[in-house]
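Data first, discussion second: the structure below is written as structure tokens.
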Amino acid sequence: MDDNNNNNDKYLCSEETIHVAMTLDTTYIRGSMAAVLSVLQHSSCPENIFFHFIYSSNTSLLHTTISKSFPYLKFQLYNFDNSIVSGLISTSIRSALDCPLNYARSYLANLIPPCVKRVVYLDSDLILVDDIAKLAATELGQNENTVLAAPQYCNANFTSYFTPTFWSNPSLSLTFSNRKACYFNTGVMVIDLVRWRKGDYTTKIEEWMELQKRMRIYELGSLPPFLLVFAGNIVSVDHRWNQHGLGGDNFRGLCRDLHPGPVSLLHWSGKGKPWVRLDANRPCPLDALWAPYDLLQTPFSWDS
């Protein structure tokens, strides 16, 4: 863990603090900074927000970028050792999904200090247009086995997230037999870190990844192990908190419209990222909603 020398301790363990965790790398830094800005701008109490940034390289560059962009931001940087997970990763349908840092969300409970009891995990390709305090306050109930909350999509074809090998195996196919399993997107989650640590859910996720190395039971990256461990056992959050898929699919990244209904968070999951499309002068209509948060629109040289 790296301190940012901002006397964070009293905020870190305060009951008032809203904790937000994100990964940080040079490829997605533009998206990350836009996401942070959107969180702060729409918060009723931005001074109560503490950011936990997980990185695996370019420490000083990332630290400088955050500090220059947000001089008064309360944050901590955590070094994620890629070797912890690199041996468990199987190739997926999109190379970006195979980056070890993409799996850091499974290790938040190990990285973030024990006094932090709850965290909102956010991907780097999204913006909020509502107060994150509402999302952070999601009730997880009394059941100790309920560890996270996220918008669920029960109309999605759940079986498609796993291979015929999985469904044709008598024991594996029973994984979801006693739960109403629905797809959820792991880019927006409210996580009870106390329950996560108590149930050692990182190990449960790793066990599925180890099985995947021996027999291919899914095609996507870090999502399916989360579904295998949690689907059917999460608290459902209103869909407004993850209007996802705005980056199109994993292959072509075509433009998409918003889903019907109110919007609190826009998420460019999929191949097409708004900063890439804007730079190429080929933006989708909804990318105009992301553009006002683009703090790093001046091209940076990340190779220095």
Check the stretch 39-50 and report whether any residue there is of a type in the set (A, V, I, L, M) and open to solvent by 20 Å² or more (accessible area, probe 1.4 Å).
yes
Could you grab me the full set of residues in the stretch 227-250 that are in contact with a strand residue (DSSP E or B) (Cβ under 9 Å, 6 or more places away or on another chain), among the hydrophobic types (A, V, I, L, M, F, W, C) and either over 10 Å from residue 268 (Cα atoms) or open to solvent by 20 Å² or more (accessible area, probe 1.4 Å) (or both)?
227, 230, 231, 234, 235, 237, 241
Answer with yes or no whether residue 176 is under 18 Å from residue 236 (Cα atoms) and either among the aromatic types (Phe, Trp, Tyr) or without any contact (Cβ under 8 Å) to a residue 40 or more places away in the chain (or both).
yes
Which is open to solvent by 30 Å² or more (accessible area, probe 1.4 Å), among the polar types (S, T, N, Q) and under 22 Å from residue 78 (Cβ atoms), of 203, 159?
203
Since residue 18 meets every condition but one in (1) modelled with pLDDT of 95 or more; (2) within 20 Å of residue 102 (Cα to Cα); (3) touching a helix residue (DSSP H, G or I) at 6+ places or on another chain (Cβ under 8 Å); (4) crowded, with 20+ Cβ neighbours inside 10 Å, which condition does it not meet?
(2)
Scanning the stretch 180-190 for residues that are within 11 Å of the chain's Cα centre (by Cα) and part of a strand (DSSP E or B), which turns out surrounded by the fewest Cβ atoms within 10 Å (Cβ to Cβ)?
190
Output for the stretch 125-155, where each listed residue is surrounded by 20 or more Cβ atoms within 10 Å (Cβ to Cβ) and of a type outside the set (Val, Ile, Thr)
125, 126, 128, 135, 148, 149, 150, 151, 152
Mind checking whether some residue in the stretch 130-145 is in contact (Cβ under 8 Å) with a residue 24 or more places away in the chain and either assigned to a strand (DSSP E or B) or closer than 30 Å to residue 83 by Cβ (or both)?
no
Matching option when the condition is over 22 Å from residue 276 (Cα atoms), surrounded by 18 or more Cβ atoms within 10 Å (Cβ to Cβ) and of a type in the set (Val, Ile, Thr), among 54, 29, 66:
54
Listed by range, strands (runs of 3 or more DSSP E) wholly within the stretch 10-96 having at least 2 residues that are aliphatic (A, V, I, L, M) are 18-23, 49-55
Close pairs (9 angstrom Cβ cut-off, 6 or more residues apart or separate chains): among the aromatic types (Phe, Trp, Tyr) in the stretch 53-72, open to solvent by 60 Å² or more (accessible area, probe 1.4 Å) and in a loop (DSSP other than H, G, I, E, B) anywhere
70/295; 72/6
In this structure, does residue 221 turn out to be at positive phi and surrounded by 13 or more Cβ atoms within 10 Å (Cβ to Cβ)?
no
Which condition from (1) under 30 Å from residue 140 (Cα atoms); (2) in contact with a helix residue (DSSP H, G or I) (Cβ under 8 Å, 6 or more places away or on another chain); (3) at pLDDT below 95 is the one that residue 244 breaks?
(2)
Identify, from the list 73, 97, 77, 108, the residue that is at pLDDT below 90 and under 18 Å from residue 28 (Cβ atoms).
97
Residue count for the stretch 262-278, restricted to those that are open to solvent by 50 Å² or more (accessible area, probe 1.4 Å) and at pLDDT below 90
1
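The values are calculated or read from the model by the stated rules, or taken from the named source; none is laboratory data. Just so it is clear, the structure is predicted and the values come from calculations on it, not from any experiment. Cβ: placed from backbone, ideal geometry, glycine included. Neighbour counts: every protein chain shown. Surface areas here come from the heavy atoms of the whole protein model, side chains and all, with no ligands, DNA or RNA. Shrake-Rupley method; radii C 1.70, N 1.55, O 1.52, S 1.80 Å.
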